[in-house]
Amino acid sequence: MRLDSIFEEILANVDNGYEFDTFLIGATLPRKLYEKEDHIRAKFKNRERKSIKNQLTRELRTRFQRITKKKIDYLYPDILMNVTIGNDNQAITVEATTKPLILAGRYTKKSRGISQKQTKCEGCEGLGCALCDSSGLSGQRSVEDIIAKELMSITQGHNPKFSWIGSEDKESLVLGNGRPFFVQISNPKTRRIPKDLNFGSDGVSVNIIRILPHLPVSQTPFIAKTQIFVNCKLAIKNDSLINLGGLRGKFVEFRSKTKMIHKQIYSSEVQRINDKELILDIIADGGIRIKQFVGGQEYMRPNISEIVGSECECTGFDILDIQVQ
Ligand SMILES: [Zn+2]
(Lines give C-alpha, C1' and ligand atoms only; values in the text may rest on other atoms or scores of the structure.)
Protein backbone atom coordinates (compact mmCIF):
# COMPACT_ATOMS: atom_id res chain seq x y z
CA MET A 1 0.00 0.00 0.00
CA ARG A 2 1.36 3.39 -0.95
CA LEU A 3 0.47 5.18 2.22
CA ASP A 4 2.21 8.42 1.25
CA SER A 5 0.22 8.89 -1.93
CA ILE A 6 -3.05 8.11 -0.14
CA PHE A 7 -2.20 10.64 2.50
CA GLU A 8 -1.30 13.30 -0.07
CA GLU A 9 -4.63 12.70 -1.76
CA ILE A 10 -6.40 13.34 1.54
CA LEU A 11 -4.49 16.55 2.23
CA ALA A 12 -5.16 17.85 -1.28
CA ASN A 13 -8.85 17.24 -0.81
CA VAL A 14 -9.01 19.04 2.51
CA ASP A 15 -6.94 21.96 1.19
CA ASN A 16 -9.94 22.67 -1.00
CA GLY A 17 -11.13 25.18 1.58
CA TYR A 18 -12.82 23.09 4.25
CA GLU A 19 -13.10 24.51 7.74
CA PHE A 20 -13.21 21.96 10.55
CA ASP A 21 -12.04 21.24 14.07
CA THR A 22 -12.78 17.53 14.16
CA PHE A 23 -12.37 14.81 11.53
CA LEU A 24 -12.63 11.13 10.77
CA ILE A 25 -11.04 9.08 8.00
CA GLY A 26 -12.69 5.95 6.68
CA ALA A 27 -11.62 3.50 3.98
CA THR A 28 -13.16 1.24 1.38
CA LEU A 29 -10.72 -1.40 0.21
CA PRO A 30 -10.85 -3.70 -2.82
CA ARG A 31 -12.54 -7.03 -2.22
CA LYS A 32 -9.44 -8.99 -3.22
CA LEU A 33 -7.69 -7.61 -0.19
CA TYR A 34 -10.38 -8.85 2.18
CA GLU A 35 -10.31 -12.31 0.62
CA LYS A 36 -6.60 -12.49 1.18
CA GLU A 37 -7.10 -11.33 4.74
CA ASP A 38 -9.76 -13.96 5.43
CA HIS A 39 -7.40 -16.57 4.10
CA ILE A 40 -4.62 -15.48 6.44
CA ARG A 41 -6.97 -15.37 9.41
CA ALA A 42 -8.29 -18.83 8.71
CA LYS A 43 -4.79 -20.18 8.37
CA PHE A 44 -3.54 -18.80 11.65
CA LYS A 45 -6.85 -19.02 13.54
CA ASN A 46 -6.10 -15.60 14.82
CA ARG A 47 -9.07 -13.28 15.40
CA GLU A 48 -7.25 -10.73 17.55
CA ARG A 49 -5.15 -9.43 14.72
CA LYS A 50 -6.23 -5.99 13.59
CA SER A 51 -7.65 -5.97 10.07
CA ILE A 52 -5.81 -4.34 7.19
CA LYS A 53 -8.54 -1.72 6.97
CA ASN A 54 -8.23 -0.83 10.64
CA GLN A 55 -4.49 -0.57 10.38
CA LEU A 56 -4.75 1.68 7.37
CA THR A 57 -7.34 4.06 8.80
CA ARG A 58 -5.55 4.18 12.14
CA GLU A 59 -2.30 5.12 10.46
CA LEU A 60 -3.97 7.76 8.27
CA ARG A 61 -5.85 9.27 11.21
CA THR A 62 -2.74 9.46 13.39
CA ARG A 63 -0.74 11.09 10.63
CA PHE A 64 -3.52 13.51 9.77
CA GLN A 65 -3.92 14.48 13.40
CA ARG A 66 -0.19 15.06 13.81
CA ILE A 67 0.03 17.33 10.77
CA THR A 68 -3.21 19.32 11.05
CA LYS A 69 -3.48 19.36 14.88
CA LYS A 70 -7.22 18.63 14.54
CA LYS A 71 -9.13 16.21 16.76
CA ILE A 72 -10.58 12.85 15.83
CA ASP A 73 -14.32 12.53 16.41
CA TYR A 74 -15.69 9.03 15.85
CA LEU A 75 -19.36 9.92 16.21
CA TYR A 76 -20.04 13.32 14.70
CA PRO A 77 -16.95 14.79 12.99
CA ASP A 78 -17.02 18.14 11.19
CA ILE A 79 -15.50 16.40 8.18
CA LEU A 80 -15.50 12.76 7.14
CA MET A 81 -13.04 11.66 4.48
CA ASN A 82 -13.56 8.33 2.87
CA VAL A 83 -10.66 6.81 0.98
CA THR A 84 -11.59 4.32 -1.72
CA ILE A 85 -8.90 2.11 -3.18
CA GLY A 86 -9.75 0.55 -6.53
CA ASN A 87 -9.65 -3.17 -7.27
CA ASP A 88 -6.38 -2.88 -9.14
CA ASN A 89 -4.92 -1.31 -6.00
CA GLN A 90 -4.07 1.75 -8.07
CA ALA A 91 -6.90 4.26 -8.24
CA ILE A 92 -7.33 6.23 -5.03
CA THR A 93 -10.29 8.53 -4.53
CA VAL A 94 -11.02 10.63 -1.49
CA GLU A 95 -14.51 11.88 -0.86
CA ALA A 96 -15.10 14.51 1.82
CA THR A 97 -18.48 15.11 3.41
CA THR A 98 -19.04 17.63 6.16
CA LYS A 99 -21.47 17.77 9.03
CA PRO A 100 -24.57 19.85 8.23
CA LEU A 101 -24.53 23.40 9.54
CA ILE A 102 -27.65 24.44 11.43
CA LEU A 103 -28.42 28.11 11.89
CA ALA A 104 -31.09 30.00 13.77
CA GLY A 105 -32.23 33.40 12.51
CA ARG A 106 -35.07 35.88 12.16
CA TYR A 107 -36.36 37.99 9.31
CA THR A 108 -38.59 41.00 8.85
CA LYS A 109 -40.44 41.84 5.62
CA LYS A 110 -41.31 45.48 5.04
CA SER A 111 -42.53 45.21 1.43
CA ARG A 112 -45.60 43.32 0.22
CA GLY A 113 -45.59 40.85 -2.63
CA ILE A 114 -42.76 38.53 -1.62
CA SER A 115 -43.74 35.01 -0.63
CA GLN A 116 -42.17 33.34 2.34
CA LYS A 117 -41.42 29.94 0.84
CA GLN A 118 -39.71 28.96 -2.35
CA THR A 119 -40.61 26.45 -5.02
CA LYS A 120 -37.87 23.96 -5.90
CA CYS A 121 -35.58 24.26 -8.91
CA GLU A 122 -37.00 22.22 -11.80
CA GLY A 123 -33.54 21.25 -12.96
CA CYS A 124 -32.55 19.32 -9.84
CA GLU A 125 -35.68 18.98 -7.67
CA GLY A 126 -33.96 20.83 -4.86
CA LEU A 127 -30.67 18.95 -4.79
CA GLY A 128 -28.61 21.84 -6.15
CA CYS A 129 -27.28 22.20 -9.69
CA ALA A 130 -25.56 24.73 -11.93
CA LEU A 131 -28.93 26.08 -13.09
CA CYS A 132 -29.88 27.22 -9.58
CA ASP A 133 -26.36 28.03 -8.42
CA SER A 134 -26.47 25.05 -6.00
CA SER A 135 -29.36 26.56 -4.05
CA GLY A 136 -31.90 23.92 -5.15
CA LEU A 137 -34.50 26.67 -5.55
CA SER A 138 -36.41 28.18 -8.44
CA GLY A 139 -35.67 31.72 -9.55
CA GLN A 140 -38.81 33.19 -7.99
CA ARG A 141 -38.06 35.88 -5.39
CA SER A 142 -38.97 34.85 -1.85
CA VAL A 143 -37.73 35.19 1.71
CA GLU A 144 -36.43 31.63 1.46
CA ASP A 145 -34.61 32.46 -1.76
CA ILE A 146 -32.96 35.55 -0.28
CA ILE A 147 -31.75 33.63 2.78
CA ALA A 148 -30.69 30.51 0.87
CA LYS A 149 -28.68 32.36 -1.81
CA GLU A 150 -26.72 34.36 0.76
CA LEU A 151 -26.00 31.39 3.03
CA MET A 152 -25.00 29.10 0.14
CA SER A 153 -22.58 31.74 -1.04
CA ILE A 154 -21.06 32.16 2.45
CA THR A 155 -20.84 28.45 3.35
CA GLN A 156 -20.48 26.90 -0.13
CA GLY A 157 -22.97 24.32 1.07
CA HIS A 158 -25.96 22.72 -0.63
CA ASN A 159 -29.61 21.86 -0.27
CA PRO A 160 -30.76 24.25 2.50
CA LYS A 161 -33.71 22.90 4.47
CA PHE A 162 -35.89 25.45 6.26
CA SER A 163 -38.01 25.11 9.34
CA TRP A 164 -40.17 28.18 9.96
CA ILE A 165 -41.88 29.37 13.12
CA GLY A 166 -45.26 30.01 11.51
CA SER A 167 -46.15 31.30 8.08
CA GLU A 168 -47.53 34.35 6.31
CA ASP A 169 -49.03 35.35 2.98
CA LYS A 170 -47.18 36.78 0.02
CA GLU A 171 -48.88 40.14 0.72
CA SER A 172 -48.24 40.09 4.49
CA LEU A 173 -45.67 42.22 6.23
CA VAL A 174 -43.54 40.75 9.00
CA LEU A 175 -42.60 43.40 11.54
CA GLY A 176 -41.34 43.69 15.12
CA ASN A 177 -38.47 41.36 15.90
CA GLY A 178 -39.37 39.29 12.87
CA ARG A 179 -40.15 35.65 12.26
CA PRO A 180 -37.72 33.06 13.65
CA PHE A 181 -36.55 30.22 11.44
CA PHE A 182 -33.99 27.42 11.35
CA VAL A 183 -32.00 26.33 8.34
CA GLN A 184 -29.91 23.22 7.82
CA ILE A 185 -27.18 23.42 5.19
CA SER A 186 -25.70 20.20 3.79
CA ASN A 187 -22.02 19.72 3.14
CA PRO A 188 -20.80 23.25 3.97
CA LYS A 189 -17.14 24.11 3.49
CA THR A 190 -17.25 27.06 5.84
CA ARG A 191 -18.47 26.49 9.39
CA ARG A 192 -17.56 29.86 10.85
CA ILE A 193 -20.39 32.31 10.31
CA PRO A 194 -19.73 36.00 11.14
CA LYS A 195 -21.23 36.90 14.48
CA ASP A 196 -24.64 38.58 14.23
CA LEU A 197 -24.73 38.26 10.44
CA ASN A 198 -27.16 40.65 8.70
CA PHE A 199 -28.21 40.77 5.06
CA GLY A 200 -31.29 41.30 2.93
CA SER A 201 -32.94 42.78 -0.16
CA ASP A 202 -36.39 43.68 -1.53
CA GLY A 203 -37.55 44.87 1.91
CA VAL A 204 -36.52 41.63 3.60
CA SER A 205 -33.95 41.90 6.40
CA VAL A 206 -32.34 38.75 7.76
CA ASN A 207 -30.38 38.28 10.95
CA ILE A 208 -28.52 35.03 11.61
CA ILE A 209 -28.38 34.73 15.37
CA ARG A 210 -26.48 31.55 16.13
CA ILE A 211 -25.28 28.09 15.17
CA LEU A 212 -27.26 25.22 16.69
CA PRO A 213 -25.94 21.72 17.48
CA HIS A 214 -29.10 20.16 15.95
CA LEU A 215 -32.53 21.12 14.63
CA PRO A 216 -35.30 21.46 17.25
CA VAL A 217 -36.90 18.03 17.59
CA SER A 218 -40.46 19.27 17.96
CA GLN A 219 -42.51 22.22 16.73
CA THR A 220 -41.49 25.36 18.59
CA PRO A 221 -44.50 26.94 20.32
CA PHE A 222 -44.89 30.67 19.73
CA ILE A 223 -47.21 33.62 20.23
CA ALA A 224 -47.95 35.98 17.36
CA LYS A 225 -49.32 39.50 17.27
CA THR A 226 -51.31 39.73 14.06
CA GLN A 227 -53.15 42.62 12.41
CA ILE A 228 -56.12 41.32 10.44
CA PHE A 229 -57.99 43.32 7.78
CA VAL A 230 -61.64 42.32 7.63
CA ASN A 231 -64.31 43.13 5.04
CA CYS A 232 -67.92 42.28 5.99
CA LYS A 233 -70.95 41.91 3.70
CA LEU A 234 -73.36 43.69 6.06
CA ALA A 235 -72.84 46.87 8.08
CA ILE A 236 -70.99 46.15 11.34
CA LYS A 237 -73.02 46.79 14.52
CA ASN A 238 -71.58 48.30 17.70
CA ASP A 239 -72.39 45.11 19.60
CA SER A 240 -70.22 43.15 17.19
CA LEU A 241 -67.26 45.38 17.96
CA ILE A 242 -67.72 44.77 21.68
CA ASN A 243 -68.01 41.02 21.10
CA LEU A 244 -64.83 41.00 19.02
CA GLY A 245 -63.02 42.73 21.89
CA GLY A 246 -64.42 39.96 24.10
CA LEU A 247 -62.34 37.35 22.26
CA ARG A 248 -59.62 38.08 24.80
CA GLY A 249 -58.94 34.99 26.90
CA LYS A 250 -61.02 32.71 24.64
CA PHE A 251 -59.83 29.62 22.81
CA VAL A 252 -60.18 29.12 19.07
CA GLU A 253 -61.01 25.53 18.20
CA PHE A 254 -60.48 23.81 14.87
CA ARG A 255 -59.76 20.40 13.45
CA SER A 256 -56.41 19.36 12.05
CA LYS A 257 -55.94 16.12 10.10
CA THR A 258 -55.90 14.00 13.23
CA LYS A 259 -57.25 15.94 16.19
CA MET A 260 -58.99 19.04 17.56
CA ILE A 261 -56.65 21.95 18.15
CA HIS A 262 -57.14 24.73 20.69
CA LYS A 263 -55.35 28.08 20.46
CA GLN A 264 -55.72 30.82 23.01
CA ILE A 265 -56.30 34.48 22.25
CA TYR A 266 -54.54 36.69 24.81
CA SER A 267 -55.62 40.08 23.52
CA SER A 268 -58.07 41.41 20.95
CA GLU A 269 -58.36 45.03 19.87
CA VAL A 270 -60.81 46.15 17.21
CA GLN A 271 -60.85 49.28 15.13
CA ARG A 272 -63.69 50.21 12.75
CA ILE A 273 -62.54 51.69 9.45
CA ASN A 274 -65.99 52.23 7.93
CA ASP A 275 -69.43 50.57 7.83
CA LYS A 276 -68.15 47.28 6.54
CA GLU A 277 -64.44 47.23 7.25
CA LEU A 278 -62.51 46.70 10.45
CA ILE A 279 -59.03 45.95 11.66
CA LEU A 280 -58.52 43.40 14.40
CA ASP A 281 -55.22 43.15 16.31
CA ILE A 282 -54.89 39.86 18.14
CA ILE A 283 -52.16 38.38 20.29
CA ALA A 284 -52.64 34.62 20.19
CA ASP A 285 -50.95 31.24 20.14
CA GLY A 286 -49.25 30.70 16.80
CA GLY A 287 -50.83 28.46 14.21
CA ILE A 288 -54.34 29.94 13.86
CA ARG A 289 -55.26 29.99 10.17
CA ILE A 290 -56.22 33.64 9.87
CA LYS A 291 -58.36 33.43 6.71
CA GLN A 292 -60.44 30.63 8.21
CA PHE A 293 -60.66 32.49 11.50
CA VAL A 294 -62.30 35.40 9.63
CA GLY A 295 -64.41 33.40 7.20
CA GLY A 296 -65.40 30.64 9.62
CA GLN A 297 -64.68 27.83 7.18
CA GLU A 298 -63.69 24.35 8.27
CA TYR A 299 -65.51 24.62 11.60
CA MET A 300 -63.21 27.10 13.20
CA ARG A 301 -64.98 28.45 16.27
CA PRO A 302 -65.39 31.08 17.39
CA ASN A 303 -64.85 32.99 14.14
CA ILE A 304 -65.29 36.59 13.07
CA SER A 305 -68.15 36.00 10.60
CA GLU A 306 -70.15 34.30 13.33
CA ILE A 307 -69.49 37.06 15.88
CA VAL A 308 -70.31 39.87 13.46
CA GLY A 309 -73.36 38.01 12.13
CA SER A 310 -72.31 38.61 8.57
CA GLU A 311 -70.17 36.88 6.01
CA CYS A 312 -66.69 38.39 6.43
CA GLU A 313 -63.55 38.06 4.38
CA CYS A 314 -59.89 38.51 5.36
CA THR A 315 -58.43 40.98 2.86
CA GLY A 316 -54.95 40.65 4.34
CA PHE A 317 -52.97 40.26 7.51
CA ASP A 318 -49.63 41.46 8.81
CA ILE A 319 -47.43 39.86 11.45
CA LEU A 320 -46.64 42.59 13.96
CA ASP A 321 -44.40 40.46 16.17
CA ILE A 322 -43.56 36.88 17.11
CA GLN A 323 -42.40 35.58 20.44
CA VAL A 324 -40.99 32.10 20.88
CA GLN A 325 -42.15 30.41 24.08
ZN1 LIG B 1 -31.07 23.22 -9.52
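Below, the figures for the structure above:
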quantity	calculated
Cα long-axis angle, helix 143-155 against the chain (0 to 90 degrees, to the nearest 10)	20 degrees
Cα-centre dipole for the chain with unit charges at Cβ (Lys and Arg positive, Asp and Glu negative), debye to 20	1440 debye
Shape metrics for the range 222-324, restricted to C-alpha atoms - Rg then Dmax, Å	12.7, 40
Helix axis angle, 52-68 relative to the chain longest principal axis, alpha carbon, degrees	70 degrees
Rounded tilt (10° steps) of 3-14 against the dominant C-alpha axis of the chain	20 degrees
For the chain, fraction of C-alpha pairs farther apart than 24 Å, in %	66 percent
Taking the chain and dividing mean pair separation by its residue count, relative contact order in percent (alpha carbons under 8 Å, at least six apart)	16 percent
Equivalent ellipsoid dimensions for the range 4-161 as semi-axes, Å, which come from the Cα gyration tensor, largest first	43, 17, 13
Given LYS120/LYS257; LYS110/LYS233; LYS225/LYS291; LYS149/LYS189; LYS69/LYS99; LYS120/LYS225, the pairs whose alpha carbons are separated by over 23 Å	LYS120/LYS257; LYS110/LYS233; LYS120/LYS225
Accessible-area value, GLU8, 1.4 Å probe, nucleic acids and ligands omitted, Å²	130 Å²
Taking the range 3-97 and dividing mean pair separation by its residue count, relative contact order in percent (alpha carbons under 8 Å, at least six apart)	46 percent
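The values are calculated or read from the model by the stated rules, or taken from the named source; none is laboratory data. Just so we're clear, the structure is a prediction, and the values are computed from it rather than from any experiment. We place every Cβ from the backbone using ideal geometry, glycine too, and count neighbours over all the protein chains shown. Each accessible area value is taken on the protein alone, full model and side chains, heavy atoms only, with ligands, DNA and RNA left out. Shrake-Rupley method; radii C 1.70, N 1.55, O 1.52, S 1.80 Å.
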